[in-house]
1. Going by how many other beta carbons lie within 10 Å of each one, how would you line up H168, H214, fewest first?
2. From Cα coordinates alone, what are the radius of gyration and Dmax values for the range 180-237 in angstrom?
3. Of T114, T171, how do they rank once you tally other Cβ atoms within 10 Å and put the fewest first?
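What follows draws every value from the coordinates through simple rules; no lab data is involved. Remember, it's a predicted structure, so these values are computed and weren't measured experimentally. So basically every Cβ, Gly included, is an ideal-geometry build from the backbone, and we count neighbours across all protein chains shown.
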Amino acid sequence: MAPLPAKRPHPKLKAPDTTQYEVGYGKPPAETRFKPGQSGNPRGRPKGAKNRLPALNEERLKSIVLEEAYRAIRINDGDKQVKVPMAQAIVRAVAVNAVKGQQRAQRLFTEMLTTTERENKALHDQWMDVAMTYKIEWDRELERRRQFGITDLPDPLPHPDHIVLDLHAGTVRVAGPSTKEEKALWDLIKGRRKDFEEELRELEQLAKDPNYPHRDFVLKDLEHTRKILRIIETAEERWK
């Protein structure tokens, strides 16, 4: 009688997992869920940045307004397109509408023009007053120094003699150096100009003699000296 085959061990039966849930909307598989404490957007906005207020020294809105106001855009100008700042495009649109007879645009453009001219006039008057006060006060101070024999104090920059006021035309200009660097250049030009003018006169006398043995060299030096003097005159024109 053949032996009976050995019994195979039954596979272990697992009890159903009562912790499983239905996968669907709002219920991702467990293996794809974010772990506790793990960010779902590691490169996103930093924590606390949502309602961050600008620092006391920041003016973000003003910066945004200025950036937009001077951002270049294309507009139609006749039969072509040109790039202008947005602020200019807006002012131009207001002016064009004013010319077309729109009363609101006319009032707005008139107010803009009046305000701009008024502010420019106030700034101009302030500059004239500052320049006049500067000139008068320093004239008094330099006269006081002269009377008391004070010679060891430096002159002001710009010098009051170089402040040119034209009350009739309402203009102010500085006909001289305004910084130490310009003053050094000014003194160098004034000092060297006399030397070159003296050299020019001597060379011109020598050049008049056709029998002078080194006349060719004199003519070259003469042209070089005249060139230097022209450069000096050009530099002096900056302060006239």
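1. With the fewest neighbours first, H168, H214 line up as H168, H214.
2. 13.8, 48
3. On the way: T114 10, T171 13.
In order of increasing Cβ crowding within 10 Å: T114, T171.
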